[in-house]
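Notes follow the structure.
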Amino acid sequence: MRLAGKVFDHGSVSEVAFDINAIPDVCPLCNTAGELSVITSYFNKDAPGTHEDKRLQVIVQCPRNRCKSMAIAYYRPTSSSYTGYRFDNVLPVNLKPTAFSEHINDISPEFVAIYGQAERAESMNLDRIAGVGYRKSLEFLIKDYLISENPDDKETIRAKPLGQCINDDVADPNIKSVSERATWLGNDETHYVRKWSGKDVGDLKSLIALSVHWIEAALLTKKLIHEMPDPKAIAKS
């Protein structure tokens with residue numbers, strides 16, 4: 001896709017055509033799908049930093065009459081000659097955070113809050129710290145779940161390393177297997193050397209989502225069994 005725009009180079013301005021790979025198709029402010037309209041574009045060769053640090057900036061506008069907000073889409077140059085650009089991110093972002101069930105909000109509101117902040121960091125391309133946030137959210141999720149199941153052991157659970165909590169205190173095999181692997185990847189986000197080089201933050205988020213799924217299943221199962229006791233067991237008692 002070709003766009004008309006301006007290049008700023010050593011104080012001079014020239015009209016050029018930029019080749020980009022895509023236009024954002026979701027408004028970052030109203031979160032509505034639909035290709036954004038391009039208003040103008042420009043590239044500043046005089047900006048500080050290396051060639052890889054510099055970005056083509058494309059001003060875009062939401063097509064919805066109820067929004068019409070403007071944002072800046074950023075593109076990385078794909079060659080040393082500045083002939084092509086690949087979409088990087090768009091700012092500002094009014095992130096619509098992941099919604100969690102009432103069960104998860106009840107047992108661990110801190111997990112929900114931390115996860116939301118990690119999502120915001122990731123949406124702003126703060127990839128060096130987003131993974132750390134997801135790892136922290138996992139610890140609150142698992143420990144708060146265990147405390148909800150074993151309130152008398154609250155202080156012991158709080159003091160244990162996450163991996164030990166999972167190994168010692170998580171009884172459900174599904175929760176144990178996925179949360180253990182999420183911890184492995186989460187630890188990679190906080191350590192100097194990565195052990196799982198073929199995995200990234202996306203895989204960590206998938207494992208956290210699975211942990212949430214199995215915790216919700218366990219909580220709902222427990223609730224329904226409590227509400228619907230076995231009539232045969234009642235009769236025997």
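The values are calculated or read from the model by the stated rules, or taken from the named source; none is laboratory data. This one's a predicted model, so the numbers in the text were calculated from it and none came from an experiment. No Cβ is skipped: glycine too gets one built from the backbone with ideal geometry, and neighbour counts run over all protein chains shown. Note: accessible area is taken over every heavy atom of the protein model, side chains too, but ligands, DNA and RNA are not part of it. Shrake-Rupley method; radii C 1.70, N 1.55, O 1.52, S 1.80 Å.
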- Work out the P(r) tail for segment 138-215: percent of alpha carbon pairs separated by more than 19 Å, whole number. 33
- Note on the structure: Using alpha carbon centers only, segment 4-63 is separated from segment 182-237 by a whole-angstrom value of 42
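Convex hull over the alpha-carbon atoms of segment 1-51: what's its volume per residue in Å³?
On the way: hull volume 5.7 nm³, N = 51.
In segment 1-51, the Cα hull volume divided by residue count equals 112 Å³.
Out of all DSSP beta bridges in the chain, what portion is antiparallel? Express it as a percent rounded to 5.
On the way: 27 of 32 bridges.
Among the beta bridges of the chain, antiparallel pairing accounts for roughly 85 percent.
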- Using eta = 0.692 mPa s and T = 37 °C, Stokes-Einstein with Kirkwood Rh from Cα pairs puts D for segment 140-182, in µm² s⁻¹, at 323
- So what does log10 I(q)/I(0) come out to for segment 57-138 at q = 0.21, 0.24 Å⁻¹, using the Debye formula with one equal point on every Cα and no solvent? -0.97, -1.07
- Calculate I(q)/I(0) for the chain by the Debye formula, one identical point scatterer on each C-alpha and no solvent, and give its log10 at q = 0.10, 0.11, 0.13 Å⁻¹ to two decimals. -0.65, -0.74, -0.89
- Counting DSSP beta bridges with both partners in segment 3-118, what percentage is antiparallel, nearest 5? 85
- Note on the structure: Hull volume per residue for segment 105-237, using the convex hull of the C-alpha atoms, in Å³ is 120
- Karplus ³J(HN,Hα) for segment 94-106 (6.51 cos²θ - 1.76 cosθ + 1.60, θ = phi - 60°; Hz, whole; x = Gly/Pro) runs 9, 5, 8, x, 4, 8, 10, 5, 4, 4, 5, 4, 5
- Message: I need to check one value: relative contact order of the chain, counting alpha carbon pairs closer than 8 Å and at least 6 residues apart, in percent.
- Response: 12
- Tell me, what is a quarter of the convex hull surface for the C-alpha atoms of segment 102-183, in nm² with one decimal? 5.5
- Note on the structure: For segment 163-237, listing trypsin sites (Lys or Arg not before Pro) in a DSSP loop whose Cβ sees at most 11 other Cβ atoms within 10 Å gives 195
- Task: Using just the helices of the chain, give the 222 nm mean residue ellipticity in deg cm²/dmol: DSSP H runs with n ≥ 4 each add -39,500 (n - 2.57), and the total is spread over all residues, rounded to 500.
- Result: -14500 deg cm²/dmol
- Task: Please provide three numbers in whole Å: the alpha-carbon extents of segment 1-105 along the principal axes, with the largest listed first.
- Result: 57, 31, 22
- Task: Identify all lysines with a Cα-Cα distance to residue 54 below 30 Å; exclude those on the same chain that are fewer than 8 residues away in sequence.
- Result: 6, 45, 68, 96, 199, 205
- Message: Suppose all protein chains stay in the model; what accessible area per residue would a 1.4 Å probe give for the chain, in Å²?
- Response: 59
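Can you pull the percent of the chain's accessible area that's carbon plus sulfur, 1.4 Å probe, other chains left in place?
Values: 7500 of 14040 Å².
Answer for the chain is 53 percent, counting heavy atoms of protein chains only.
Which is the longest part of the chain that has none of the chymotrypsin sites (Phe, Trp or Tyr not before Pro) sitting in a DSSP loop with at most 16 other Cβ atoms within 10 Å?
Values: sites that count: 192, 196.
Maximal segment without exposed cleavage sites: 1-191.
I need the helices of the chain that pass two filters: whole DSSP H segments spanning 27 Å or more by Cα along the axis, and mean Kyte-Doolittle score no lower than -1.0.
On the way: long enough: 127-149 (34 Å, -0.09); 201-227 (39 Å, 0.66).
Span-like helices, by this rule, are 127-149, 201-227.
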